[in-house]
Amino acid sequence: MRNILMLIILLILSALLAVAPDASAQIRLTANADVSQVWVGTDDFQPELRWYNFKLEVEHEFEKEKLWFLSGFAGGVNKEGKSLYNGTYVTGRLFRTFETEPVSVIFSGGVIYGLIGWQFDRTQLEFQGNDVIGYDNVSMKRNMPIPYMEAEKAGVLQPVFDVRLRKYLDWFFVETKAGVRFARFSTVSSDYKNSRYNESLVALPSLGIGLGVSF
């Protein structure tokens, strides 16, 4: 997954370098709301993870395709929770638009970087009477530092991909989208004498709707 992330970041940087002479490009502001649901865990503990995303982005579409296949790039912010330290990300993506009728089809690939939501950490305790005799834990792996955070790795950098169906209504547009985000999860099962640890790469699907304006 690290190689995929590096490739996406390099492509985004290349697109940014290519945009300078493109003064006639189209600028858009988009807002999206997504819902995601997945089950992650062990045979004994597999909690349902369900969350909502709210995203605000600025799109820059080139007058002509760049780097042989790119239509443009976008960047913005993504929010999962109410507080600053719960599911706050910055996003960047590249996209390719196919102008079809009655809607345009847009394929995107990019990354998200930031603080993950609290819903990705779940623990189940095992009791014998009033005593705790074991536990199961599921958590999303942090893999990146966050400025001003004491923990060495408090955040994540993860690849995301989506496909959108967009309908333009003059300067206004609406869209639906289906996406997937790839994240690494760890699971721990312990009876305080023996422990089992495992890591796995999990696909986190999402469905969403959005709207936007063109400038």
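Laboratory data are not the source of any read-out in this text; all were calculated from the coordinates shown. Predicted, not measured: the structure shown is a model, and the values here were computed from it. Here the Cβ positions follow ideal geometry from the backbone for every residue, glycine too, while neighbour counts run over all protein chains shown.
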Review point. Which of the strands (runs of 3 or more DSSP E) contained wholly in region 81-166 include at least 2 residues that are within 13 Å of the chain's Cα centre (by Cα), surrounded by 14 or more Cβ atoms within 10 Å (Cβ to Cβ) and not hydroxyl-bearing (Ser, Thr, Tyr)?
Key: 88-98, 104-115
Practice item. Give the residues of region 168-215 that are surrounded by 13 or more Cβ atoms within 10 Å (Cβ to Cβ) and either outside any strand (DSSP E or B) or touching a Pro at 6+ places or on another chain (Cβ under 9 Å) (or both), sorted by residue number. Key: 178, 179, 180, 181, 182
Review point. Taking only pairs six or more apart or across chains, which ones have beta-carbon atoms under 7 Å, a first residue in region 181-206 that is among the small types (Gly, Ala, Ser), and a second residue that is not in a strand (DSSP E or B)?
Key: 186/141; 189/42; 189/44
Review point. Filter region 37-59 for residues that are closer than 30 Å to residue 74 by Cβ and among the β-branched types (Val, Ile, Thr); which is surrounded by the most Cβ atoms within 10 Å (Cβ to Cβ)?
Key: 40
